[in-house]
Amino acid sequence: MRKHVWIQQAERRTATVLETALMAFALVAPSASAQEMGFASYIPWRQTETQPGAHDPTVIRDERGVYTLMSTNNLLAIAQSTDMSNWTWHGSILSKVPSWMLSVYSGIENIWAPHISRMGDKYWVYYCGSVFGKNTSLIGAMWSPTLDRSSPDYKWTDVGEVWRSTTSDNYNAIDPEILQDASGKYWMSFGSFWQGLRMIAIDPATGKQLASDKSLSVIASRGGGAIEGPSTIRHGKYHYLFAPWDKCCDGVNSTYRTMYGRSTSPTGPYLDRSGKDMASSGGTQLIGTYGRYVGPGGGSPFHDGRRDWFALHYYDRKRNGGAYLQLREIVYGDDGWLDFGQPFLGRHLALEAEHAVLVGDSIMTGTGTNASNNEYVGFINGVGSSVEFVANLLQAGEHWIVVRYAAGDGAASHKLSINGAAATTVSYPKTSAWGAFPAGQVVVLDADLKKGRNNIKFTKGDGFAELDRIDIVRKASSELSLGAFDRFPGAAYDSANDAVVLGAQASATYENVGLGDGGFKAVRLCAASGSGRVRIGLGATSTQEVDVAGAGCATHDLATSLQSAKGVHDLVLTRVTGTMTLKSIQFLSTSSRVHGRILSPSGRRQEDRVDPLGRALSGEGGLFRPEFAR
């Protein structure tokens, strides 16, 4: 039974094939708790949808590392967050529709589809007002020098009208969005229905149309068909244009879907994968309705350090058709085309099966605490059925993939292919029930993953098995690039050294670092420049401060609390003093007195063997080694 495919299968491409092997390990008798199976208690075993209600969302990350969210029909209400998961609303910028708008079109009742961006040294909000179904519309703008509401400089100045449309125009002046091109020039796209989407040049000093460029470019059109809400982002040599098609704003009856194209010029032509111009009804689908998630669209991209995100809304079948925020990572391929990653539920490296690319499968509802996010995927047993996870990794190398599964009828298997490589068999021992995914009920895969987009695809095997979630885990014994951070309040990225820069009040978090059964004695920390003191943390109580003295590598013996750490933790580096650019860290099995020599895992006695999550294995009986393809 085919439930959904949110990336059209005909438009999929084959990624670069890895030249590496894949092996799988499985524990026959799963442990009973998250602690025993290896994940630290502060890493949630279950994820949940915590994003707030929002329609036509726009998000920006400011210089403090704080995220600001705005949306439609609330007089420019502001919500802010430090983690993109937990938001606090701070009231509205406006108390009523601006009088300058009402003096032009008296029927405007609220403010629609704002876009927040930074131009020069100011934060700008572009907003619009209209009457539903008409093109008598206005776009305005306002600015503030800061988004820090506690600052005495926090104040919004409205510059008034930027653009308008009338009944004599063949476009609609709503849904504004700002783009900066590679030369530093700014552009505003806008439009809804009529004859499509437009773009004009913007003067960052005034926020209005650039006096030296009065062009009005057509960037997308469906010849009068349903297209609106343009949004844009630049990455590498391309500018990307996103636009929702079809019916919006009708709850679970909405048919919104998000299309895109790319261009080397900000004004187009924006071409889809087939080479068709979006100005002539072209567009490649990124996402459409699946499961309970109806009409995903109305979105806007934003930069977040080394990652780019797309903020969109969807209508939730399980919450009375209300509109809710999703934040999906934009995952760029080596070929310059892109995918959407998973909705962000608080963890970058925890991927839910219900949000994977599904073909021939069914999204099932969990009960109680049985499934992460209360959903999982079953019926992965038809010819051609598959569950494909799309993950963006900031560092290539060896990783563990922890697969949560259920196989209530007996032992089962799936085929697994990574980045188009030949498939290998992943075997699942029998579990006690269907639809239940207790901590420890996992198999652990050992795989080399590449930097950038990775496609992790499960297909039909033997028997029946359900998938709940996968977690991607870094290996502590491998050299970890410190430019591959997941959260970075106050920190910066040094692209020349693939490093993190830690200055005043800065820290960087690296999710899911796997220590196995622990016993690490030292760390090797390498710096590109700077000096000072940095705190190394694995959880709140396992911390240690070490000195950084200029460029080079130094090995530091670990404190007892860090030596005893086992399983999967988040690694946190926090600046204590000075400013330093840190390149890499590696956990070592011997102390600095023997110069960081790493003991071979094969040196362990058989009875002391553990799996990658730190769970004891008794002899060969607990270890499954399938055939694998090179």
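The values are calculated or read from the model by the stated rules, or taken from the named source; none is laboratory data. Because the structure is predicted, anything quoted here is derived from the model rather than measured. Glycine gets a Cβ as well: all are built from the backbone with ideal geometry, and neighbour counts include every protein chain shown. The protein model used for the area step is the full one, side chains on, heavy atoms only, and it has no ligands, DNA or RNA in it. Shrake-Rupley method; radii C 1.70, N 1.55, O 1.52, S 1.80 Å.
Can you give me the number of residues within region 539-554 that are more than 21 Å from Arg474 (Cα to Cα) and either aliphatic (A, V, I, L, M) or open to solvent by less than 50 Å² (accessible area, probe 1.4 Å) (or both)?
The total comes to 7.
Which residue out of Ala205, Ala226 is over 30 Å from the mean Cα position of the chain (by Cα), open to solvent by 10 Å² or more (accessible area, probe 1.4 Å) and more than 25 Å from Ser103 (Cα to Cα)?
Criteria check complete, one pass: Ala205.
Counting residues that are among the basic types (Lys, Arg), open to solvent by 30 Å² or more (accessible area, probe 1.4 Å) and in contact with a Lys or Arg (Cβ under 6 Å, 6 or more places away or on another chain), which strands (runs of 3 or more DSSP E) fully inside region 235-327 reach at least 3?
No strands (runs of 3 or more DSSP E) qualify here.
Check region 222-234 and report whether any residue there is under 22 Å from Ile60 (Cα atoms), touching a helix residue (DSSP H, G or I) at 6+ places or on another chain (Cβ under 9 Å) and modelled with pLDDT of 95 or more. Let's see the steps before the verdict.
Applying the first criterion (under 22 Å from Ile60 (Cα atoms)) to region 222-234 yields 228-234.
Remaining after also requiring touching a helix residue (DSSP H, G or I) at 6+ places or on another chain (Cβ under 9 Å): none.
No - not one qualifying residue is present in region 222-234.
Collect the residues in region 192-233 that are closer than 14 Å to Ala243 by Cα and in contact with an Asp or Glu (Cβ under 7 Å, 6 or more places away or on another chain), keeping them in residue-number order.
Ser192, Phe193, Ala226, Glu228, Gly229, Pro230, Ser231, Thr232, Ile233
With the requirement that a residue be among the polar types (S, T, N, Q) and either out of contact with any strand residue (DSSP E or B) (no Cβ under 6 Å at 6 or more places or on another chain) or under 14 Å from Leu241 (Cα atoms) (or both), what does region 165-191 give you?
Thr166, Thr167, Ser168, Asn170, Gln180, Ser183, Ser189
This table checks each residue for (1) hydrophobic (A, V, I, L, M, F, W, C); (2) touching a helix residue (DSSP H, G or I) at 6+ places or on another chain (Cβ under 7 Å); (3) part of a strand (DSSP E or B).
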| residue | (1), (2), (3) |
| --- | --- |
| Gly160 | no, yes, yes |
| Thr167 | no, no, no |
| Asn170 | no, no, no |
| Asp175 | no, no, no |
| Leu179 | yes, no, yes |
| Ala182 | yes, no, no |
| Ile200 | yes, no, yes |
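Quick test of your reading of the structure: Lys451 fulfils all but one of (1) open to solvent by less than 10 Å² (accessible area, probe 1.4 Å); (2) within 25 Å of Ser481 (Cα to Cα). Name the failing condition by number.
For Lys451, the failing item is (1).
Considering only region 62-147, give the strands (runs of 3 or more DSSP E) lying wholly within it that have at least 1 residues that are among the aromatic types (Phe, Trp, Tyr) and either at pLDDT 95 or above or buried (at least 17 other Cβ atoms within 10 Å of the Cβ) (or both).
67-70, 88-92, 112-119, 122-129, 137-144
Quick one: count up the residues across region 328-373 that are aliphatic (A, V, I, L, M), touching a Pro at 6+ places or on another chain (Cβ under 8 Å) and open to solvent by 10 Å² or more (accessible area, probe 1.4 Å).
Residues meeting the conditions: 0.
Among Ser130, Ser183, Ser192, Ser144, which is the only one that is in contact with a Lys or Arg (Cβ under 9 Å, 6 or more places away or on another chain), of a type in the set (S, T, N, Q) and either closer than 27 Å to Ser221 by Cβ or in contact (Cβ under 8 Å) with a residue 12 or more places away in the chain (or both)?
Details: Ser130 fails: in contact with a Lys or Arg (Cβ under 9 Å, 6 or more places away or on another chain); Ser183 fails: in contact with a Lys or Arg (Cβ under 9 Å, 6 or more places away or on another chain); Ser192 fails: in contact with a Lys or Arg (Cβ under 9 Å, 6 or more places away or on another chain).
After ruling out the rest, the residue left standing is Ser144.
How many residues, within region 513-538, are touching a Cys at 6+ places or on another chain (Cβ under 9 Å) and either closer than 26 Å to Arg347 by Cα or open to solvent by less than 30 Å² (accessible area, probe 1.4 Å) (or both)?
Final tally of qualifying residues: 3.
Considering Ala21, Ala29, which residue is in contact with a Phe, Trp or Tyr (Cβ under 6 Å, 6 or more places away or on another chain) and either modelled with pLDDT under 90 or more than 30 Å from Gly251 (Cα to Cα) (or both)?
Being in contact with a Phe, Trp or Tyr (Cβ under 6 Å, 6 or more places away or on another chain) and either modelled with pLDDT under 90 or more than 30 Å from Gly251 (Cα to Cα) (or both) holds for just one of Ala21, Ala29, which is Ala21.
Of everything in region 374-386 that's out of contact with any Asp or Glu (no Cβ under 6 Å at 6 or more places or on another chain) and outside any loop (DSSP other than H, G, I, E, B), which residue is most open to solvent (accessible area, probe 1.4 Å)?
Going through the qualifying residues, I end up with Asn374.
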